[in-house]
């Protein structure tokens, strides 16, 4: 097994140290701090984040059911980015972004369970009954994050990039002054640290809300959903300690 395998102890140690290293002023990003990110679903959200993370120097495999349609985007994003199938993205990434219509999540969980097991997964989908059917109603009742965890067993799940419109991902990344905040929820502290790093690399500010059960506080229909709030505004709206 080589050092780039997500199962390798040395690589896990490097991943654990990424966030602290990147936060130190004056530190030049090393090869060890570059993440291999597989993106399953390179649509409006996935495509915007691919652009931001490619700009931050990460290696990406962007994917869709029609990877030939992503070749131009991959070429534009540079030599660290290539296009492929969802199966290839699931195998490639030490960190995965799943950004698909919520109704597709159960099938993804079944199809790529072995490749995703044990990996950090940032999941962005929101259940809409008009589009996703009855399973969306059940997910809203349970809480989207808890439902996602059932559909994606064995992964280190983080709910991320679920609340801000895709247009904001394009237009307000790295904006001057107070940046737009991205609420995060996970039951895995180490996965949260990696997600925080990727939120910052995308040009936004991470706000950890709590475990997966608390992700319902920023689900569809919550006061913060669909809004581009600063960290202080988000913390105030969710009554979080600053």
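Among the residues of the stretch 150-209, count how many are in a helix (DSSP H, G or I), over 11 Å from the mean Cα position of the chain (by Cα) and under 21 Å from residue 48 (Cβ atoms). Steps first, answer last, please.
Kept after step one, since they are in a helix (DSSP H, G or I), are these residues of the stretch 150-209: 150-151, 166-171, 189-201.
Applying the additional criterion that residues be over 11 Å from the mean Cα position of the chain (by Cα) yields 150-151, 166-171, 189-190, 193, 200-201.
Keeping just the survivors that are under 21 Å from residue 48 (Cβ atoms) gives 166-171, 200-201.
Number of matching residues: 8.
Does the stretch 169-199 hold any residues that are touching a helix residue (DSSP H, G or I) at 6+ places or on another chain (Cβ under 8 Å), crowded, with 18+ Cβ neighbours inside 10 Å and over 21 Å from residue 44 (Cβ atoms), and which are they?
Passing the criteria: 185, 186, 193, 194, 196, 197.
Which one is surrounded by the most Cβ atoms within 10 Å (Cβ to Cβ), of the residues in the stretch 224-234 that are assigned to a helix (DSSP H, G or I) and touching a strand residue (DSSP E or B) at 6+ places or on another chain (Cβ under 6 Å)? Talk me through it step by step, then tell me what you get.
Within the stretch 224-234, the first condition is being assigned to a helix (DSSP H, G or I), and the residues that meet it are 231-234.
Going one step further and asking which of them are touching a strand residue (DSSP E or B) at 6+ places or on another chain (Cβ under 6 Å), we end up with 231, 234.
On the way: 231: 19, 234: 22.
Among those that are assigned to a helix (DSSP H, G or I) and touching a strand residue (DSSP E or B) at 6+ places or on another chain (Cβ under 6 Å), it is 234.
Of all the residues that make up the stretch 95-123, how many are within 13 Å of the chain's Cα centre (by Cα) and farther than 19 Å from residue 36 by Cβ? Even if it seems obvious, please write down each step before you answer.
Step one: list which residues in the stretch 95-123 are within 13 Å of the chain's Cα centre (by Cα), which gives 95-100, 119-123.
This time we only want the ones that are farther than 19 Å from residue 36 by Cβ, so: 100.
Matching residues across the stretch 95-123 total 1.
Of the conditions (1) in contact with a strand residue (DSSP E or B) (Cβ under 9 Å, 6 or more places away or on another chain); (2) under 20 Å from residue 37 (Cβ atoms), residue 154 clears all except one; give me its number.
It is condition (1) that residue 154 fails.
Can you confirm whether residue 146 is touching a residue at least 24 places away in the same chain (Cβ under 8 Å) and crowded, with 22+ Cβ neighbours inside 10 Å? Write out each step before concluding.
Values: touching a residue at least 24 places away in the same chain (Cβ under 8 Å): yes; crowded, with 22+ Cβ neighbours inside 10 Å: no.
Considered against the rule, which asks whether it is touching a residue at least 24 places away in the same chain (Cβ under 8 Å) and crowded, with 22+ Cβ neighbours inside 10 Å, residue 146 comes out as no.
Can you say whether residue 221 is assigned to a loop (DSSP other than H, G, I, E, B), within 17 Å of the chain's Cα centre (by Cα) and on the phi > 0 side of the Ramachandran plot, as far as the supplied structure shows?
Values: assigned to a loop (DSSP other than H, G, I, E, B): yes; within 17 Å of the chain's Cα centre (by Cα): no; on the phi > 0 side of the Ramachandran plot: yes.
In short, no.
Computed from the coordinates by the stated procedures, all read-outs in this text should not be read as laboratory data. In this text the structure is predicted, and so the values were computed from the model without any measurement. Cβ coordinates were reconstructed from backbone atoms using ideal geometry, including for glycine residues, and neighbour counts include every protein chain displayed.
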